[in-house]
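Beneath this line is the structure, given in structure tokens, with notes to follow.
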Amino acid sequence: MIFETVKRITAEQLNVDENTIKMYTAFNRDLEADSLDLFQIIMEIEDEFNIQIEDTDDIITVEDAVKFIKDRIKQE
């Protein structure tokens, strides 16, 4: 569920095929997302999951984003 949502948001923001996005996909290296793209993806994730992401430096891959969301949801 979380992965599917992150995948959908990422595909929409970067205008890429959802099927190309895997857990190990890196936003910058694999999807060529720049800092503005990543910012927009993070904003969408925050809205979708009603969470706050202060430090984005640790979010390199889709899996990083999914793990962060899972951890944040457990804490609340």
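The values are calculated or read from the model by the stated rules, or taken from the named source; none is laboratory data. None of these values were measured; they are calculated from a predicted model. Every residue, glycine among them, receives a Cβ derived from its backbone with ideal geometry; neighbour counts consider all protein chains shown. Just the protein is used for accessible areas: all its heavy atoms, side chains included, with ligands, DNA and RNA removed. Shrake-Rupley method; radii C 1.70, N 1.55, O 1.52, S 1.80 Å.
Using just the helices of the chain, give the 222 nm mean residue ellipticity in deg cm²/dmol: DSSP H runs with n ≥ 4 each add -39,500 (n - 2.57), and the total is spread over all residues, rounded to 500.
Numbers: 3 runs with 42 residues, N = 76.
The per-residue figure over the chain is -18000 deg cm²/dmol.
Sorting ILE60, ILE51 by accessible area (1.4 Å probe), largest first, what list results?
Sorted by accessible area, descending: ILE60, ILE51.
For THR20 and GLU63, what is the calculated FRET efficiency with R₀ set at 22 Å and r taken between the beta-carbons, to the nearest 0.05?
Details: r = 15 Å, r/R0 = 0.69.
Using R0 = 22 Å, I get an efficiency of 0.90.
Counting heavy atoms of the protein chains only and a 1.4 Å probe, report the per residue accessible area for the chain as a whole number of Å².
Details: 4910 Å² over 76 residues.
Per residue, the chain has an accessible area of 65 Å².
Leaving ligands, DNA and RNA out of it, report the carbon-plus-sulfur percent of the accessible area of the chain at a 1.4 Å probe. List each step's numbers first, then the result.
On the way: 2210 of 4910 Å².
Carbon and sulfur: 45 percent of the exposed surface of the chain.
How far apart, in nm, are the 7 Å Cα→Cβ label points at GLU12 and PHE39?
Here the modelled spin labels are 2.0 nm apart.
Under a crude label model (7 Å from the Cα following the beta-carbon direction), how far is ILE53 from ARG29 in nanometres?
Simple spin-label model gives 1.8 nm for this pair.
Enumerate the calculated ³J(HN,Hα) couplings along the range 58-73 in order (Karplus 6.51 cos²θ - 1.76 cosθ + 1.60, θ = phi - 60°), each rounded to whole Hz, writing x wherever the residue is Gly or Pro.
Rounded to whole hertz, the list is 8, 9, 9, 10, 4, 4, 4, 5, 4, 4, 4, 4, 4, 4, 5, 5.
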